[in-house]
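Student: What follows is a single structure, and I will ask about it in a moment.
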Amino acid sequence: MAQKYTEARKEGNRKWDAANLDRLSIALPKGSRDTIKAHATAQGESVNGFIGRAIMETMERDSAGGPQEGAGAAQGGGGIPVSTGTQETAQRAAGRTGEAVPDFVARAVDTQEQRDKTSLRLGVNPATGEKLNQNREGGADHE
């Protein structure tokens with residue numbers, strides 16, 4: 001059976017890697033590798049692709065909003081804490097649209113603001129779905 005990769009091919013690949021790639025070595029607690037691999041696979045990514053994306057998105061977020069504070073909550077650009085789950089959801093959604101996370105969140109907030117305005121004009125509290133009290137002028141009591 002013929003070799004899949006010749007020594008010349010392997011050497012060519014090593015040269016290309018050396019010229020085009022930076023390598024990092026990380027140490028993680030035992031069991032982390034399998035957890036990371038399972039997560040990356042579930043996201044349709046390689047481990048290397050997932051780790052690279054996680055690093056780049058974190059650096060982008062840190063540049064936009066400074067350091068994170070508190071356990072389980074990340075600070076956004078304006079210092080607004082969000083849960084880790086919300087942050088992960090925003091990262092997935094932004095990844096699907098090809099947007100940076102801060103751009104995706106800004107668009108989501110703008111979209112929600114418009115929806116809330118519509119609900120308020122209709123006399124409905126957008127946070128609870130409850131009908132708002134009407135004042136004497138016939139408008140909703142919300143501003």
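Student: How much accessible surface does residue 15 have with a 1.4 Å probe, in Å² rounded to 10?
Tutor: 130
Student: Between residue 59 and residue 89, what length in nm is gained on full extension when 0.36 nm per residue of separation is reduced by their alpha carbon distance?
Tutor: Full-extension gain reported as 9.0 nm.
Student: Still on this structure: Taking the simple approach of a point 7 Å from Cα along Cα-to-Cβ for both residue 128 and residue 34, what is their distance in nm?
Tutor: 4.9
Student: In nm, to one decimal, how far is the modelled label at residue 41 from the one at residue 110, with both set 7 Å along Cα→Cβ?
Tutor: For residue 41 paired with residue 110, the spin-label model returns 4.0 nm.
The values are calculated or read from the model by the stated rules, or taken from the named source; none is laboratory data. Everything quoted here is computed from the prediction, not taken from an experiment. FYI the Cβ positions are ideal-geometry reconstructions off the backbone, even for glycines, and counts take in every protein chain you see. Keep in mind that these areas ignore ligands, DNA and RNA; they rest on the heavy atoms of the full protein, side chains included. Shrake-Rupley method; radii C 1.70, N 1.55, O 1.52, S 1.80 Å.
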